[in-house]
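Read through the structure below, which is laid out as structure tokens, and then see the notes.
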Amino acid sequence: MKDYFIRFTFSIMTMIIIYGIFYLLGLHDKTWAPFIILPLGIAGGHGSLYFYKIIQEQRNQIK
């Protein structure tokens, strides 16, 4: 359950950051913007979960 929460949280954070960049560039109201923001946000969640697991493995090896 913790993995899903981490993935969800980082996906939302990535989407907000990408939307903010699109907003600053004035591209947030284009019809194609969600098709870029959503997949990149989901990929950001999966990537962060991958790095989280690597960090946890390293932390467990130190102990």
The answer for the chain, accessible area per residue at 1.4 Å probe in Å², is 81 Å²
Magnitude of the Cβ-charge dipole of the chain, K/R +1 and D/E -1, about the Cα centre, nearest 20 debye?
260 debye
Where the eigenvalues come from the Cα gyration tensor of the stretch 21-63, what are the semi-axes √(5λ) of the equivalent ellipsoid, largest first, in whole Å?
35, 10, 4
Among 24, 38, 49, which one shows the biggest mean-square fluctuation in a GNM of the chain, springs joining Cα atoms closer than 10 Å?
24
For the chain, what is the mean residue ellipticity at 222 nm derived from helices alone (per DSSP H run of n ≥ 4: -39500 (n - 2.57); sum divided by total residues; nearest 500 deg cm²/dmol)?
-30000 deg cm²/dmol
Rounded to a whole number, what % of the accessible area of the chain do carbon and sulfur atoms account for, probe 1.4 Å?
72 percent
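The values are calculated or read from the model by the stated rules, or taken from the named source; none is laboratory data. What you see is a predicted model; the values in this text were computed from it and never measured. All Cβ positions, even for glycine, are placed from backbone atoms using ideal geometry, and neighbour counts span all protein chains on display. Quick note on the areas: whole protein, heavy atoms, side chains included, nothing else; ligands and nucleic acids left out. Shrake-Rupley method; radii C 1.70, N 1.55, O 1.52, S 1.80 Å.
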